[in-house]
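Report on the following structure.
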Amino acid sequence: MRKIAAVCTFLTVSVLSASALRAQTRDIGVHGEMLDRIAAIVNEGLVLKTELDTQIEAVTKRLQEQKVELPSQSVLKQQVLDRLILQEIQAQRAKRVGLTISDEQLNGALQEIAQRNKIPFDQLPTALEAQGVNYKQYRESMRKELTLSTLRQRDVIAHINVTPHELDQYLTRQQTAAANDEFNVSHILLSLPEAATPQQLEEITKKAQDLATRATKGEDFNQLAIANSNSQTALDGGQLGWRKGSQLPEFILQLVTKMKPGDVSEPVRTPSGFHIVKLNERRGGEAQVIVNQIHVRHILLKPNELDDDETVRQKLAKLRDRILKGEDFAGIASATSEDPGSAPDGGDLGWSGPGTFVPEFDKAIADLKPNEISEPFKSRYGWHIVQMLGTRTYDSTDDVRRQRAFAAIRESKADEETELWLRRLRDEAFVEIKM
């Protein structure tokens, strides 16, 4: 079985809790021996040498398992230290804005990992311990990574705007094979300072061209990325993984559609710096999406200080009897339903696909026949009676494509925006390297 720690997408490498390390390693032993050293001061926080050494060891082991040639120790140390500094800066920002991951959220993420590994959740600690992974440290590593991911969602993803024009352009592009195909891409980023001098620009331009030439001539792209890239994917060999063409940044899509697997691009300049792109593989095709849909309408009543659950249930039972005796469902729903979204439409919820409703609602209506009205039942929103109006098999390919379009456009912007955001955080922070 593959190592569980490698399954979690958040845990590219195991990240030890900085606060726990500081508490342990600032102690002085019985003989006055210092147990740790400071690798970097980051604002009001620290990156400790034990953190740095642990990360270097983990990255080295992973690269060796992948049979990737290691860069020099000094280069690897700098890359890992840069990553730890950025993680510390982000952790400090998360703390300032009050962002925390609850035990419930953390357990949910760990349950997903256990399910993907086909292990009962309560056996996850034992399975990790068998692989030499401390469960308590693993939990805190996951909590930290979830915190950073949530912070990125809050500070970057949530602020990416998708205009109707962009959505239309996306859908037009998606009709092409390139947009529907998937690309396995790697890239190297050489960052440019916000106010780069002509000399800095010239130096980075030359370095970018040199790296592109070396990669084109056959040098290992992963190794070049590890040693030189300023991207967050550097220690992964610059790999972006499989992405649909329409999910790639536009400048990368324009490059890879003209490339063959194994090709390396010329350097391309964007606001975040110079990019060198390698196309690893390409595969194509988007499948048609057919779903079973239902058309229902409902009446919702909610318990309150005057009407408890039983009173509300009885009210709905009486309404159901009136409808069964011939009164108009839509008219009664418009007059009585407490669902502001559907009441004006006579309780009509329209055609809905799988996963639209909460589980208790789905369960209550699962066996309804056309025109049948359910008995009153309770969901998290209140008490309902539901009438089944019809069922159909529906080609939702266009709907799904449009839903995915919005997410894909944001994703295509996310990498560039994240790099710019991290650069701003780094530029605004006080960082002093101590070793």
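The values are calculated or read from the model by the stated rules, or taken from the named source; none is laboratory data. What you are looking at is a predicted structure, and each value in this text was computed from that prediction instead of being measured. Every residue, glycine as well, gets a Cβ built from its backbone with ideal geometry; the counts of neighbours run over all protein chains shown.
Select from segment 66-99 the residues that are under 19 Å from L46 (Cα atoms) and basic (K, R) and write down the one among them that is surrounded by the most Cβ atoms within 10 Å (Cβ to Cβ). Across segment 66-99, the extreme among qualifying residues is R83.
Among the residues of segment 167-180, is any of a type in the set (S, T, Y), modelled with pLDDT of 90 or more and surrounded by fewer than 16 Cβ atoms within 10 Å (Cβ to Cβ)? No, the conditions are met nowhere in segment 167-180. Taking residues in segment 272-284 that are touching a residue at least 60 places away in the same chain (Cβ under 8 Å) and crowded, with 21+ Cβ neighbours inside 10 Å, and partners anywhere that are among the aromatic types (F, W, Y) and not in a strand (DSSP E or B), the pairs with Cβ atoms closer than 9 Å and at least 6 places apart or on different chains are H275/F251; I276/F221; V277/F251; K278/F221. Within segment 352-374, the set of residues being of a type outside the set (A, V, I, L, M) and either under 14 Å from L301 (Cβ atoms) or crowded, with 17+ Cβ neighbours inside 10 Å (or both) comprises F357, F361, S374.
When the test is whether a residue is in a strand (DSSP E or B) and exposed (fewer than 14 other Cβ atoms within 10 Å of the Cβ), E432 passes it. The requirement of being part of a helix (DSSP H, G or I), within 24 Å of the chain's Cα centre (by Cα) and surrounded by fewer than 14 Cβ atoms within 10 Å (Cβ to Cβ) is satisfied by Q153. Of the residues examined, F406 is one that is surrounded by fewer than 17 Cβ atoms within 10 Å (Cβ to Cβ), at pLDDT below 95 and more than 30 Å from G45 (Cα to Cα).
Restricting S14, S19 to residues that are in a loop (DSSP other than H, G, I, E, B), modelled with pLDDT under 85 and under 28 Å from the mean Cα position of the chain (by Cα) narrows the list to S14. Checking each residue in segment 278-323 for being modelled with pLDDT of 90 or more, under 41 Å from the mean Cα position of the chain (by Cα) and among the β-branched types (V, I, T) picks out I294, V296, I299. Scanning segment 197-255 for residues that are among the β-branched types (V, I, T), within 19 Å of R426 (Cβ to Cβ) and in contact with a Leu (Cβ under 8 Å, 6 or more places away or on another chain) returns I204, T233. From the list S396, S379, S342, S374, the one residue that fits, being in contact with a strand residue (DSSP E or B) (Cβ under 9 Å, 6 or more places away or on another chain), of a type in the set (S, T, N, Q) and closer than 30 Å to E166 by Cβ, is S396.
Residues of segment 223-275 that are touching a Phe, Trp or Tyr at 6+ places or on another chain (Cβ under 9 Å), at pLDDT 90 or above and either part of a loop (DSSP other than H, G, I, E, B) or acidic (D, E) (or both): G237, G238, P267. Filtering segment 324-346 to residues that are at positive phi and loosely packed, with under 12 Cβ neighbours inside 10 Å leaves only G326. Does E310 count as over 30 Å from L171 (Cβ atoms), surrounded by fewer than 18 Cβ atoms within 10 Å (Cβ to Cβ) and in contact with a strand residue (DSSP E or B) (Cβ under 6 Å, 6 or more places away or on another chain)? It is false that E310 is over 30 Å from L171 (Cβ atoms), surrounded by fewer than 18 Cβ atoms within 10 Å (Cβ to Cβ) and in contact with a strand residue (DSSP E or B) (Cβ under 6 Å, 6 or more places away or on another chain).
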